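Visitor: The following block contains the structure, expressed as structure tokens.
None of the figures in this text is laboratory data; all of them are computed from the coordinates on show. Since the structure is predicted, the reported quantities are computational estimates derived from the model, not experimental observations. Here the Cβ is made from the backbone with ideal geometry for all residues, glycine too, and neighbour counts use every protein chain on show.
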Amino acid sequence: MSVPELKTRHAAATQTVNALREQLKQKRELLLDSDVATYATAQGKTPVSYGPTDLVCCRILQGHTGKVHSLDWTPERSRIVSASQDGRLIVWNALTSQKTHAIKLPCAWVMTCAFSPTGQSVACGGLDSVCSIFNLNSPAEKDGNLPVSRTLSGHKGYVSCCQYVPDEDTHLITGSGDQTCILWDITTGLRTSVFGGEFQSGHSADVLSVSISASSSRMFVSGSCDATARLWDTRVASRAVRTFYGHQGDVNAVKFFPDGNRFGTGSDDGTCRLFDIRTGHQLQVYYQPHGENDAPHVTSIAFSISGRLLFAGYTNGDCYIWDTLLAKVVLNLRNLHNSHEGRISCLGLSTDGSALCTGSWDTNLKIWAFGGHRRVI
């Protein structure tokens with residue numbers, strides 16, 4: 001068969017696939033006769049209300065000299081680790097704002113960081129395509145820096161995200177620009193499973209985010225530049241359990257809902273979405289109307305303990321708190337005193353839900369606490 005004939009057949013096949021996708025999209029829309037907000041409104045649910053003094057910036061963590069890219073809390077909520085374009089990991093005491101560790105990294109272009117469940121180790125990755133593990137209890141080297149205790153090598157592209165398996169310091173999942181996720185055995189430094197890549201059910205573009213279910217640690221979801229999120233079971237690496245469509249841009253952030261049956265996403269299309277892992281249906285879209293072609297991208301998301309609130313950071317400096325039931329904005333941190341002066345690049349909620357930490361391209365991290373009689377829901 002000649003090359004022109006192959007090209008013709010390929011074009012025809014592509015057209016058929018696109019037509020089938022459109023039919024599938026239309027059938028999904030027919031099934032989605034309602035969303036969470038419509039149902040909640042019909043049930044007479046009242047919106048959550050917070051005033052500008054109910055959430056206050058109680059700590060400003062200053063020390064980075066470059067854009068902050070990633071942060072993570074320890075389970076005991078007293079420490080935060082952050083990664084910055086200045087090539088350093090800093091471990092902070094969230095109660096006093098003091099630095100306990102300032103680790104100079106082998107590769108300055110770091111993109112992600114994570115605390116281990118015990119808080120004894122931190123992991124990071126970036127453009128060097130490896131995930132580096134640091135034991136915070138290790139003695140410092142002569143120059144005062146902390147040595148790398150384990151290097152996880154195997155990705156063929158940058159490491160965009162990492163997360164420890166809950167309740168384990170020995171296993172970690174990474175996502176990469178090579179379109180795969182990897183489950184690692186940190187003890188041996190070896191890959192336990194590879195998700196995607198050569199498998200047809202894997203992502204077709206860079207993986208940007210992962211989230212492991214707290215209720216079932218063998219399940220995790222990934223978000224990608226292919227505008228999809230995919231659910232994986234660590235016991236079956238050969239195929240994704242389910243693929244979730246709906247976004248029109250890169251999926252920059254994914255986060256499991258507290259009950260483990262749903263998860264949220266944040267995308268370059270300016271929307272956050274809520275999906276059900278059991279049905280594969282999209283339950284809700286969270287979107288603030290903007291002028292044409294200028295909707296800010298969503299960079300990071302987190303849920304409150306109950307799931308009633310969704311925290312979302314945006315490239316224009318907005319940080320919305322959404323009422324997940326009624327799809328309404330409760331508060332915008334950008335309008336509060338001591339707000340960030342640049343893009344919100346990362347955010348995370350403490351384990352007990354009492355404080356929110358945001359990181360920004362303005363080089364600072366800020367800890368927000370619910371003041372007075374108000375508590376996060």
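Visitor: What is the number of the single condition among (1) in contact (Cβ under 8 Å) with a residue 40 or more places away in the chain; (2) over 25 Å from ASN261 (Cβ atoms); (3) surrounded by fewer than 24 Cβ atoms within 10 Å (Cβ to Cβ) that VAL159 does not meet?
Guide: Tallying (1) in contact (Cβ under 8 Å) with a residue 40 or more places away in the chain; (2) over 25 Å from ASN261 (Cβ atoms); (3) surrounded by fewer than 24 Cβ atoms within 10 Å (Cβ to Cβ), VAL159 fails exactly one: (3).
Visitor: Please give the number of the condition SER176 fails out of (1) in contact (Cβ under 8 Å) with a residue 24 or more places away in the chain; (2) out of contact with any Gly (no Cβ under 7 Å at 6 or more places or on another chain).
Guide: (2)
Yes/no matrix, rows are residues, columns are (1) in contact with a Cys (Cβ under 8 Å, 6 or more places away or on another chain); (2) closer than 15 Å to SER82 by Cβ:
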position: ASP294; (1), (2): no, no
position: LEU310; (1), (2): yes, no
position: ILE321; (1), (2): no, no
position: HIS340; (1), (2): yes, yes
position: LEU347; (1), (2): yes, yes
position: SER354; (1), (2): no, no
position: TRP361; (1), (2): no, yes
position: LEU365; (1), (2): yes, yes
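Visitor: Go over the candidates LYS67, LYS99, LYS104 one by one and state the one that is among the basic types (Lys, Arg) and within 21 Å of the chain's Cα centre (by Cα).
Guide: Only one candidate qualifies: LYS67.
Visitor: Residues that are among the hydrophobic types (A, V, I, L, M, F, W, C) and within 24 Å of SER354 (Cα to Cα), at least 1 per element: which strands (runs of 3 or more DSSP E) completely within the range 43-150 meet that?
Guide: It comes to 55-61, 68-73, 79-84, 88-93, 110-115, 121-126.
Visitor: Of everything in the range 188-224, what is surrounded by fewer than 21 Cβ atoms within 10 Å (Cβ to Cβ), under 20 Å from GLY348 (Cα atoms) and of a type outside the set (A, V, I, L, M, F, W, C)? Give them in sequence order.
Guide: SER213, SER215, SER217
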